[in-house]
Amino acid sequence: MGNIFLFTLIIGIAAALVLIPIFKHDQESKKAGKKLKIGVFIALVLILMIAVFVFYYFTNFDRNFTSVWPLAIILTAAGAVLANGTERKVKGILFLASLGLGIYFLTAFIFNADQKYEVAKMDEKVEIQTFDEKETPASVPPQFARNKMKKAFGQVPNTSYYELGNLQIQKLNDDYVYIAPVEFSGFFKWWKGNSTPGYFTLSATDSSANPKFIKSEMIFTPSSFFNKNIERHIRMKYPKKIFFGDVQLEIDENGKPFYIRTYGEFISARNGFTAKGLVVVDSKNGAMKDYRLADVPEFIDGAVSPEAVSLQNSYYGNLVHGFWNSVFGKSDVKLPSDEGTESNVSPIFDENGLMYYFTDFTSPKEGVDSMLGYSLTNSRTGKATFYTGNPEQSYMDSQGALQIIEKKFIEKKWLGQMPILYNFYGEASWLTPVLDSNGFLQNYFIVSAANPEISVYASTPNEALKQYKTALQRGKGTVDGSSKAQEKQIGGTVMRVYKEKNGDYTIVSFLLNNRQNFIISSEKAPLAIYLKEGDKVNIRYLDTGEDFLPAKELAIEALQ
């Protein structure tokens, strides 16, 4: 608390000196007048100290002296009006200086646009291959997860004292889970309860899983008050750090909860932000430590806040040719999507368990749903990569995918949430959970970003992927590769055959004598409709590791 008292004392004394006239050319220079002036000065210092203390204590604003520039303008203006003669001129100069400083701060966003773009500049690549077909992406939508946790709230002791806190995703002991703290539901509940009892976890990959309540006492939380409030607790320890984004809950491998908050630096003139590190707080005893991004503890996934990543995406997309171009010409401008689940970005995990923030970018033109690329930002380091996609193809953006889902289920009024672009079977594809009007998960929808007419839906992501592979076999998709699949050739004798009509074509599934299963569409191999048991065949296929491997070419020896 000592820092805030010293800070407010300095501001109070300086403000009183500026506001109260020091020199008067009249008889008030007598002893009684001097006593009165001293009394007024002390009273004014106390009033200003209280006002400044209340503002900084309850807002948790950074306590750098540059943050008081609005107050400086008001006080120097009032001081100049109340003063006379030379003192008025001096205070007038102080007013002009503080006004100039204020204008500099207010217009900095115009002049530091190039600096912001350079800070946010990303490496550029063509195509990302995030998930292999055999893996299950973190595909449970947050709204559905939150609904399930609320229904399980009866597990919490003294339920009436608490409510569910903010939801976020994390890798915990090799599993991808949502975590949400139990928070106080008001001031009097905090006054009586003092601490919260724990947090919920729920699988982010299995929609049939049930929430688990983990008991772990937390005293310093976002819903606590006064010095137990986590943001204020952090600010008291680090009064001058520049924080950006909300505090987030992170669980270590032993299940112990910590709160973290990202800090960084202004780009210039108290404007803009670039992340540099984070503060980690033990939610029970309040012990704190700050880390640079390069030294973040292993258990922390979201070291860079989603708000900071969203801001960097905005810099990269909008400020490519400076501020004025972002307003008028908009040459090469690309707008980051606002469809993300956390501050316009969506957390996803790659095959190595590393968390990234995903955002797709679209054209600033109205009515255009063409994707101009997408970014993946490492949530631990803040390093970002921008993927342009195949330059020979035009990709649909996330908004376009959501519109397709809305039209598909228009009678049921189901809507998509959390669209993520993946590389499935070499095809850029949107995977989107579909929720009903009550927020309950109904199915998973996959649509090709390059060929929107190719779409499927099923009750699970894996089932949707199987149907998607069949849809791509009709010949409209690429099916030329995947994130890990290798193209191979094999020959053998057909043991079993199964044929299924699908629109104008036939899907042929067959088993070879080496016990491998294959699938191919008659659109790709018209003679496949004549395939029968005992035929000897040569196959070119993708080794995706699935039960039914997608064949690209089929040659039947008896028909050659």
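Each residue of the stretch 374-386 is assigned a 3J(HN,Hα), and the resulting list reads 8, 10, 10, 10, 4, 6, 9, 10, x, 6, 10, 10, 10 Hz, derived from the Karplus form 6.51 cos²θ - 1.76 cosθ + 1.60 (θ = phi - 60°), x at Gly and Pro.
Placing +1 on each Lys and Arg Cβ and -1 on each Asp and Glu Cβ, with no other charges, gives the chain a dipole about its Cα centre of roughly 2840 debye.
Say the cut-off is 21 Å between C-alpha atoms; which of Lys192/Lys241; Lys240/Lys289; Lys125/Lys469; Lys412/Lys501 go over it? Violating the 21 Å Cα-Cα cut-off are Lys192/Lys241; Lys125/Lys469; Lys412/Lys501.
Sparsely packed loop sites in the stretch 280-349 (the GluC sites (Glu not before Pro) outside DSSP H, G, I, E and B with at most 11 other Cβ atoms within 10 Å) comprise Glu298. The residue list Ala16, Pro550, Ser223 was ranked by how far each Cα lies along the charge dipole of the chain toward its positive end, using unit charges on Cβ atoms, and Ala16 comes out on top. Can you classify the chain as rounded, prolate or oblate using the Cα gyration tensor, where a ≥ b ≥ c are the square roots of its eigenvalues, rounded means a/c under 1.5, and otherwise it's prolate if a/b beats b/c and oblate if not? Prolate, since a/c reaches 1.5 and a/b exceeds b/c. By the rule of a C-alpha distance below 20 Å, with chain neighbours fewer than 8 residues away ignored, the lysines paired with Lys121 are Lys276, Lys330, Lys334, Lys383.
Of the chymotrypsin sites (Phe, Trp or Tyr not before Pro) in the stretch 307-343, the ones in a loop by DSSP (not H, G, I, E or B) with at most 11 other beta carbons within 10 Å are Phe328. Checking every one of the chymotrypsin sites (Phe, Trp or Tyr not before Pro) in the stretch 203-281 against DSSP loop status and a limit of 15 other Cβ atoms within 10 Å picks out Phe225. Put simply, the C-alpha atoms of the stretch 406-455 give a gyration tensor, and the ellipsoid matching it has half-axes of 22, 12, 7 Å, longest first. Accessible area per residue for the stretch 320-416, computed on protein heavy atoms with a 1.4 Å probe, is 50 Å². Of the solvent-accessible surface of the stretch 391-443, computed with a 1.4 Å probe over protein heavy atoms with every protein chain present, carbon and sulfur atoms account for 46 percent.
Solvent-accessible area of Tyr387, all protein chains in place: 20 Å² (probe radius 1.4 Å, heavy atoms, ligands and nucleic acids excluded).
The values are calculated or read from the model by the stated rules, or taken from the named source; none is laboratory data. It should be emphasised that the depicted structure is a prediction, and the values quoted were computed from it without experimental measurement. FYI the Cβ positions are ideal-geometry reconstructions off the backbone, even for glycines, and counts take in every protein chain you see. The accessibility values were calculated without ligands, DNA or RNA, using every heavy atom of the protein model including side chains. Shrake-Rupley method; radii C 1.70, N 1.55, O 1.52, S 1.80 Å.
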